[in-house]
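Below is one structure, written out as C-alpha cells; comments come after it.
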Amino acid sequence: MAGDRAGLLRQAIPAGVIGALAGAALTAQRGRRATAAAALAGAGAVAAVDAVARARQRPGEIPALWSRIVASGAIAAPAGWLAQRLTGLGPLPVATGAGAAAGALGLRPQKVLLGPVVGAAVGLSGRRVTGAQAAAAAVVTYRTAAAALFRDPQISLLAERVPAEDVPFVVPVGSQTRYVGTDYVRALAQRLGGRYTPEVADIGIVASLDTLEGPSFDPAGVEPLVREFYEHTTRFALDIVPEWRAWVRPGYLLYRTLLSRPLGQANVPMSQREAQRGVRSRIDTVSGADGAVSVRGWIRSAADTGEPIYVGIYTTYRHEDRGYVSVGFPLPQASFTATLLPTGRPDGGLVLDSRSQLDQPGHYLTYIDPETGSLTTAVVRGFAERLDVYVANGELRAEHAFWVFGLPFLVLHYHMHRKDVSASDPAAAGPG
C-alpha cells in the first residue's frame, strides 16, 4: 500500500508542475502575488485531479476522461499565454488556433473540423479574456463537446505491461534507435543472436498458405499463381499505382515531412509519377541455429535514392481453428501491427481483411519496455485495411484499400509479373 501511494505521488508531481504553469499563465496580468497564489492553487488542483483519477484507474485502463480534459486545459493555458506574448494576437485567433490544434490531435476528420469551429466560438464570446484563458477555455470546451458527439473510442488501451504470449496478434518488433530504415533486419538479427541473410533469392512473405486454413479460407481452392506469389514473393516484380483521396493529401504531406521520412518507415508514394521512379523490394531473413527462418522482413525502398518506404515483419499464427497474417511495422521502442483475417474468393483469389467480428484481426499500437520486454498495447479501431489478390485475364493483380475513421483514403493498385531472370536489378514493389 505504501508503495502504491509513493507511486501515485511521483506521478502527481508532473501534473503539479503543469497545474502551476497553468495557474500562473491564467493570472499573469494580476500581479506577482496573485500569480504566485494561482500557481500554488493550480499545482494542488491538477495534482489532486491526477491522483484521484489514477487511484480509481483499473489495470489496463487509461485515466478517466474528465482528468484528461483538465490536464489538456492546463497544458493549453501556458501555450496560449506564450502565443499571445510572442505574436501579440488577441483571444479570437489564439482560441481558434488552440481549438484547431486540439482537433488535429483527435485525428478523426470530423474532430479536425470541429476544433477550430469551437475555438472560434469561444474566442468570439470572450473578447476581454487573455490568450491563456482563451486557449484553455477553447480546449476544454472542444474536448467536452467532442466527447459528447463522438462516443465510439477510436483508440483504446487493450493490455498493459503483459508478456508477448498474452497478445498473439501483436508482432513485438521495435527499433532501438529513432530511425528504422532498410538495415532494420540486420540490426534485429544482431539483437536476437540469429543469422542474418539479406535479399533471399527465392522466398515468400509466408512459408505456406496452408498455415492460414480456417472456416473462411481453404488453401486448396487458391489459384496456383496467388499461392506462388505469397510463398515465393521474390520471384515477382510489381507495378504500383497509388490512388489517394483528395481530402487526405494535405495531412499526408505534413505527416510524411514531419514523421515518416525522418523515421525511415511508412513512406508511401504520393502519385503514380513518383511510383514510376521505381521501388526496390527485397526480403531479408533471420534464422536460428537450426537454419529455420524465424523472421521475414519485407523491405521496400525507392529505386533511385534508396529512401525507405516500408519495413514490415511478416508472420503467421493460429488461434483456435483459424490462421492469421500479422505484419509488424517497427517504430522506436514500439511497433504498429496489422493482423488480417484470410478469406477465399470464389475465383481462387485471397482476401486479407482487418475488419471482422472476431477478436484477433485489427490494428495495434504497442510500446515495448526496453528493460523487461513487456508489452503495452492499444487497439486502433479507427484504422482498417483490405488486401484483395486475384488473377484477371491471366495476370496477377491486387487492390490494397485503406480506411481511417470509416472514410476511404487510399487504394494501392498492383500488377504483378514474374521477374526477368536476366535482369540484374531486382526492383519491385508490393502490397501488404
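The values are calculated or read from the model by the stated rules, or taken from the named source; none is laboratory data. Everything numeric in this text was worked out from a predicted model, so none of it was measured. All Cβ positions, even for glycine, are placed from backbone atoms using ideal geometry, and neighbour counts span all protein chains on display. Just the protein is used for accessible areas: all its heavy atoms, side chains included, with ligands, DNA and RNA removed. Shrake-Rupley method; radii C 1.70, N 1.55, O 1.52, S 1.80 Å.
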Residues of the stretch 303-343 being among the polar types (S, T, N, Q), part of a strand (DSSP E or B) and open to solvent by 20 Å² or more (accessible area, probe 1.4 Å), in sequence order, are 315, 316, 343
Of the residues in the stretch 234-263 that are in contact with a Lys or Arg (Cβ under 9 Å, 6 or more places away or on another chain) and not aromatic (Phe, Trp, Tyr), the one that is nearest to residue 297 (Cα to Cα) is 234
Among residues of the stretch 253-280 being outside any loop (DSSP other than H, G, I, E, B) and touching a residue at least 40 places away in the same chain (Cβ under 8 Å), the residue surrounded by the most Cβ atoms within 10 Å (Cβ to Cβ) is 279
In the stretch 224-248, anything more than 29 Å from residue 202 (Cα to Cα) and surrounded by 13 or more Cβ atoms within 10 Å (Cβ to Cβ) is listed as 243, 244, 245, 248
Of the residues in the stretch 128-167 that are in contact with a Lys or Arg (Cβ under 9 Å, 6 or more places away or on another chain) and touching a residue at least 60 places away in the same chain (Cβ under 8 Å), the one that is surrounded by the most Cβ atoms within 10 Å (Cβ to Cβ) is 143
Residue hits (the stretch 344-378; in contact with a helix residue (DSSP H, G or I) (Cβ under 7 Å, 6 or more places away or on another chain) and open to solvent by 50 Å² or more (accessible area, probe 1.4 Å)) are none
Q. Would a scan of the stretch 231-240 turn up a residue that is in a loop (DSSP other than H, G, I, E, B) and at pLDDT 95 or above?
A. yes
Reported set for the stretch 183-207 where residues are closer than 30 Å to residue 345 by Cα, open to solvent by less than 30 Å² (accessible area, probe 1.4 Å) and of a type outside the set (Val, Ile, Thr) is 204
Among 58, 54, 68, the single one that is under 30 Å from residue 162 (Cβ atoms) and assigned to a loop (DSSP other than H, G, I, E, B) is 58
Some residue of the stretch 119-136 being under 30 Å from residue 419 (Cα atoms), in a helix (DSSP H, G or I) and not β-branched (Val, Ile, Thr): no
The one condition residue 347 fails out of (1) more than 19 Å from the chain's Cα centre (by Cα); (2) of a type in the set (D, E, K, R); (3) within 17 Å of residue 266 (Cα to Cα) is (3)
Within the stretch 206-229, the residues that are more than 21 Å from residue 296 (Cβ to Cβ) and in a helix (DSSP H, G or I) are 220, 221, 224
